[in-house]
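A.B. asks: Okay, handing you the structure first.
Coordinate-derived values only; no laboratory data. Note that this is a predicted model, so its numbers are computed, not measured. FYI the Cβ positions are ideal-geometry reconstructions off the backbone, even for glycines, and counts take in every protein chain you see.
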C-alpha cells in the first residue's frame, strides 16, 4: 500500500478515536461531576421524593458506563434523546439550527478565506513597509477584541446610526436567498473580523517562511520574474501551511459562532446551546457539545490530511 | 534603557487598569449596586459615563466590574500557569510514559474548543467564582502545557543539559538552573497572552449569562445588562467592551516587548 | 583583451540591529578589485565572516538579507551590472552568470522534479528548446558522473544523496552555457570521500565547457586543486592575490603563510603504557531500532595519550562516545576505566567515575548554558566535585582561565560575548575543572576556522603534558588526527576497520577503506587532485 494512503487511513482512524474519546469526555463532564443533574434542575429546595423521581426518570440510577454506551449508541443512529425542558426531540429541533449555523459559517468563510490570503500576500509583498504595518496593527487590534464588542460596534454603526443592515438576524422559512443574506450580513461581517486577524497573520508567516528559503533564492538567481517565482516555486510549497492555517481558523470560527449568534439573536446551534446551558438541559448540552466537537475535530483532520498530501517526501518516497 | 512608545503605552494602560482594580474601594464614586438616577442617563459631570439599565452610575460599575474581571483573570492565569508549566516541564524531563499520558490527555482536552467544554461543564456545576476560576484555569492549562513542554523539550536536548546530567546533577538542579532560566522569556510572554485570553473568556461567559452572576458586576456582565440600549443608540454597552479591548491590547503590547527584549539577549550568540 | 568579470573597488554594506540600540550601517567588504578572464577560475578564500560569499554574489548584483552594494563597479562582459535595471539583472542571472550553493539540499525546490529545475533557467531565457535543454542536461549528468543520467532527472530532490544533489546543482548551473559560474563552498557539506569525487567532476566540467568560475571556499587545499588564481580575504579586505602556485608555494603575507602551514603541528607519538580506558566487544543500538550502530568494538587507550577515532558521518564514532559516557548503555561488551568496570548507565555510576570522564562538544555554543556566566560554568564542577566555595573557588577558576590562555576579565561574561575559539576554551576549562583522567573530544575543532582550530589543538597538546589527561578524540578530519593522535582507530559502518599506533595506521599496506579515506584528503599541493584520480583509475584498471 502507498505510504500516503496508509498515513491517511491512520489519521482517519485516529480522528474517529479522538471523537469517541471526546464524546466520553463530554459525558463525564456532564454526568460524573459533583453537581448532580437532578439537583441542578430542581434546585436546592427540591424534596427528596421529587429528586428520586427525576433521577429514576433520567435513568441516573443505572451505572454510568451503561448510560454512556446507550447514549453513544443512540447518538450514532441519529437519536440524540429528548430535551428535558420541553420534551422535544433534540435531533429534529437541532437539524434546522445546524443548517442555519452552517449557512452563517460558510458565508463568513467564503468572505474571510480569500480576503485573508490576499491581505497576507500583500503583507508579504510589502514586508516591513506601511501596508504590512497597517495590516499587522489591525490584526493585533482584532485578536484582542472580544467577539461581542465587534458585534455591538457593527450593530451600533451599521444598523443604528446608518441603518444599512438589520440589527437582528431574524430568519424564517420562505425567505429568498437575498433576504436571508441581508439578514445575516452583520453577523457575517463580525465573524469575518473575528477570524481575519489570525488567518492573515498566520498566512503571512507561512508564506514568508517559504519566501526566505534557499530555493526561492535559487529561482531568483535564475533570473525569473517575481511573479513566476511566487507562482512556480513559492505557492506549491506554501499551499500546505496555508490550508492548515485556514482549517485551524475555520475551527476557531465554529466557536466564534456561539457568541455572535447570541449577539444577533440568530436561531442557530450556538444560541441553542447557550439557552439550554442556562436551563441546565443536559441532554441538549451533550448533543450540542458532541456536534461542535465533531466539526472541530473534522476540520483539524482535514488540515492534517492536506499537509500529508502536499508533502513531496511522503508522496514520492525513496 | 529606552522603552519603545508602544510598550510604554501598553505599560501605562495596564498599570491604570490594575491600579483602578486594586484601589476600587477608594476611587469608585458610588457602590456597585447603588441606584442613583434614571436608566441610561447620558453623561454628566456627576456621572461621567452616564447611568446603566436600572440607573446605577456606570463609571462606578466599570471600576467595580474591572476589579472582578481582573481578579478572576489573574487567578485563572495563575492556576493555568502553575498547573500547565509544572506538568509541561515534568513531561519534558521525564519523557516516556509520563510524557505520553499527559500529552495524550491534553490532546483530548484540546479536541473540544474550550468555550464549548466550559459550557458543558457549567451546565451541571453551580456557577460560583471558585468554580469559574477553576474551570477556566484547568481548560487553559492545556495550552500552557503544550508551550512549556515544547520549550523544555528543545532545551533538554541541548548539550549543556547533557553536560549537567553527565556531571551527576540532580533533577531539581537541571529543571531550575539549566532549563527554567532559558525557558523564562517565552513563558512570560505567554503569561501575558493567557491573561488576555482569561479576560476575554470570563467576559464572554458573563456576556452569555453563564459567568459572574448579578448583582456582582464584571465587564462582560455590564455589556449584557446594557445591550438592549444599543438599538436606541445608547452606547453604554460599548464602554465595558472597549475597556476589555484596551486592556487586552495593552497587555499584548507589554508581552511583545518583553519577548523581543529577552529574546534579543539570547540571539546575541556567535 | 577585456576581462569577462571585472570588479573595481567594491564596497558592500549591511544594516546591523544590535539589541537595545538603533540600527547602524556596517561595512562588510571594501576596496576589493579583481578580474576573471574567459575560461579561468579564481578562488576566493578566507575564514567565516571574511565576506567571500558576499563578493561572489555581487557578480550577480545580489545581496542576501539586508546586504547592499554601495560602491565600486562590477562589469560582466563590459556591462556594469550595478547599473542594470531589474530587466537587465534578470537577463544576467541564470544566463550569463549562474550559481552553485553550499547546501544543494536546501537550494532545490522539494516539490519539483530535478529535470524541471535543471532546465528552468535555460527555457526561461529561451536559449534552447525543451528537447535540446533536456538532452544537454542528460549529457551534463553523465559528464558529472551521476548514476543513470537518463532517468535521474525524474527524481525529486529528497530521493538522491547529498553528493549527487551537489552534482545536479552543478549541471543546473552549467546547463544554460553561462560565461561565469559562482561556486559557493560546493563541497563543504560533503564527506571527504564524496568531496573528492564532486571536486573532480566540477573541475572536469569546467575544463570541458570552458566556462569561467569564481570558486569560494575556506579550504585552501581544495581551492588549490581547481583555481588558476587565488585571492585571500580577511574581514572583507584583500590580503593577498596571485597565481595558485604563488599563493601555495611562495606566500608573502603572514596571514597567507599561516593558512598554508595550518595543521602542520609536529607531534611525536607516544606508545605503550597501561590503558586508562579499555573497551571490550561493545555492540550498541538505539532504542526502538533493530540495527546495530556499533559492532563488536574493542579498543585500549593508555593514560595521558590520545586515541583518535576517525570516520565519516554515520560511521558510529559519536555513538561510541555516548556509550563510553553512559548515555547509551551497550547491548553487549564492557568498559573498564582506571582498573574498574564502568556501569553501563551513567545514572548508576559513582560520582568519581562521572568526574574522571569529561566531555567536550563540537558546538561550544550549545554546550554552555547561555544564561550562566563563565565563572558559573567553570565554577560549578569545582563546587560540585570538590566543594570549593568563595575565594578558593574564584582563585581556582582564575587558574583554569590562565591555563586555557584567556587571562582575567572573563569571569562575569556570558557565552554570547565570547568568540568561537574562546567558547571552546571555556568548555575545555570546565572539563579540566573536574580533574579528569579522560576527556572525550567530539569533533571539537570542526566548527572552527582553521587558524582558531590550530590554537585549540596546540592548547590540548600542552594540557595533556601538564595535566596527564588522556583524550579520546573523535573527528572526521585526518589532518587533525595527524596533529594530535598517538594511536588511531578507523571506523566504517559501525566497525573498527583499522587500529594501531599512528604511524602504523597511516603507513601502507592499507585496507581498501582506509586507502580511500586517506587518499581523499586534499593536500596543499598543486596537481594533487589529478594525480589521485589518475592513480585510482590505474588501480581500477589493474584490478
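A.B. asks: Relative to the compact globular guide of 2.2 N^0.38 Å, what is the alpha carbon radius of gyration of segment A:52-106, as a ratio?
C.D. replies: For segment A:52-106, the normalised Cα radius of gyration is 1.42.
A.B. asks: Which whole-number percent is the relative contact order of chain C (Cα, under 8 Å, 6+ apart)?
C.D. replies: It rounds to 15 percent for chain C.
A.B. asks: On to the next question. Taking chain C as the reference, fit the longest principal axis to its C-alpha atoms, fit the long axis of helix C:192-209 to the helix C-alpha atoms, and give the angle between the two in degrees, 0 to 90, nearest 10.
C.D. replies: Here the helix axis deviates by roughly 10 degrees.
A.B. asks: Given N residues in segment A:171-306, what is Rg(Cα) / (2.2 N^0.38 Å)?
C.D. replies: Rounded to two decimals, the normalised Rg is 1.43.
A.B. asks: Let me ask something else. Return one quarter of the surface area of the convex hull spanned by the alpha-carbon atoms of chain A, equal to its mean projected area, in nm².
C.D. replies: Value for chain A: 22.4 nm².
A.B. asks: Using only helices, what value at 222 nm comes out for chain A when you add -39,500 (n - 2.57) per DSSP H run of length 4 or more and divide by the total residues, to the nearest 500 deg cm²/dmol?
C.D. replies: Theoretical 222 nm ellipticity from helices: -24000 deg cm²/dmol.
A.B. asks: Rounded, prolate or oblate: which fits segment B:47-203, taking a ≥ b ≥ c as square roots of the Cα gyration tensor eigenvalues, rounded meaning a/c under 1.5, else prolate when a/b beats b/c?
C.D. replies: prolate
A.B. asks: Considering only DSSP beta bridges whose two residues both sit in the protein assembly as shown, what percent are antiparallel, to the nearest 5?
C.D. replies: 55 percent
A.B. asks: Picking from A:252, A:266, A:172, which is most flexible by a Gaussian network model of chain A using Cα springs under 10 Å?
C.D. replies: A:172
A.B. asks: May I ask what percent, to the nearest 5, of DSSP beta bridges between residues of segment C:5-260 are antiparallel?
C.D. replies: 55 percent
A.B. asks: Which values, in whole Å and largest first, are the semi-axes of the equivalent ellipsoid of segment C:5-260 obtained as the square root of 5 times each eigenvalue of the Cα gyration tensor?
C.D. replies: Each semi-axis is √(5λ); the values are 30, 22, 18 Å.
A.B. asks: Calculate how large, on average over all directions, the projected area of the Cα convex hull of segment A:94-280 is; give the answer in nm² to one decimal.
C.D. replies: If you wrap the Cα atoms of segment A:94-280 in a convex hull and average its projections, you get 12.9 nm².
A.B. asks: Now for a separate question. Could you tell me the center-to-center distance, by alpha carbons, between segment C:132-186 and segment C:221-287 in angstrom?
C.D. replies: That distance is 30 Å.
A.B. asks: Rounding to the nearest 10 and keeping the result within 0 to 90°, find how far the Cα-based axis of helix A:48-58 lies from the longest principal axis of chain A.
C.D. replies: Tilt of helix A:48-58: around 50 degrees.
A.B. asks: Taking the alpha-carbon centroid of each part, what is the distance from segment A:93-146 to segment B:173-190 in angstrom?
C.D. replies: 34 Å
A.B. asks: Same structure again: Hey, what's the per residue convex hull volume over the C-alpha atoms of segment B:168-231, in cubic angstrom?
C.D. replies: Roughly 109 Å³ of hull volume per residue.
A.B. asks: Same structure, new question: What translational diffusion coefficient, to the nearest whole µm²/s, does segment C:452-521 have by Stokes-Einstein, given a Kirkwood radius computed over alpha-carbon pairs, a temperature of 20 °C and 1.002 mPa s viscosity?
C.D. replies: Estimated diffusion coefficient is 163 µm²/s.
A.B. asks: May I ask what percent, to the nearest 5, of DSSP beta bridges between residues of chain C are antiparallel?
C.D. replies: 55 percent
A.B. asks: Would you please report the Å³ per residue occupied by the convex hull of the alpha carbon atoms in segment C:169-266?
C.D. replies: 122 Å³
A.B. asks: Before rounding to the nearest 500, sum -39500 (n - 2.57) across all DSSP H runs of length at least 4 in chain C and divide by the residue total; then give [θ] at 222 nm in deg cm²/dmol.
C.D. replies: Here the helix-only value at 222 nm equals -11000 deg cm²/dmol.
A.B. asks: If you don't mind, there's one more thing I want to ask. What FRET efficiency do you get for residue C:267 and residue C:391 if R0 is 51 Å and r is their Cβ-Cβ distance, rounded to the nearest 0.05?
C.D. replies: Efficiency at R0 = 51 Å is approximately 0.85.
A.B. asks: Looking only at A:260, A:291, A:192, which one moves most when chain A is put into a Gaussian network model with springs between Cα atoms under 10 Å?
C.D. replies: Highest fluctuation of the listed residues: A:291.
A.B. asks: Counting alpha carbon pairs within less than 8 Å and at least 6 residues apart, what relative contact order, in whole percent, applies to segment C:275-507?
C.D. replies: Relative contact order of segment C:275-507: 29 percent.
A.B. asks: Given the rule -39500 (n - 2.57) for each run of at least 4 DSSP H residues, summed and divided by the residues of chain B, what is its mean residue ellipticity at 222 nm, to the nearest 500 deg cm²/dmol?
C.D. replies: That comes out to -23500 deg cm²/dmol.
A.B. asks: Under 8 Å for C-alpha pairs, at least 6 residues apart: give me the relative contact order for segment C:340-468, rounded to a whole percent.
C.D. replies: 37 percent
A.B. asks: Could you work out how far helix A:130-144 tilts from the main Cα principal axis of chain A, as a 0 to 90 degree angle to the nearest 10?
C.D. replies: Tilt relative to chain A: about 10 degrees.
A.B. asks: Along the principal axes of its C-alpha atoms, what lengths does chain B span, in descending order and rounded to whole Å?
C.D. replies: 74, 50, 30
A.B. asks: In a Gaussian network model over chain A where Cα atoms closer than 10 Å are linked, find which of A:63, A:131, A:146 has the largest mean-square fluctuation.
C.D. replies: Answer for the Gaussian network model of chain A: A:63.
A.B. asks: So, one more: Average projected area of the Cα convex hull of the protein assembly as shown, in nm²?
C.D. replies: Approximately 53.8 nm², given one-decimal rounding.
A.B. asks: Over all Cα pairs of segment A:91-155, how is the pair count split among 5 Å bins, expressed in % and running from 0 up to the last occupied bin?
C.D. replies: Percent of Cα pairs in each bin: 4, 14, 14, 19, 18, 13, 8, 5, 3, 2, 1.
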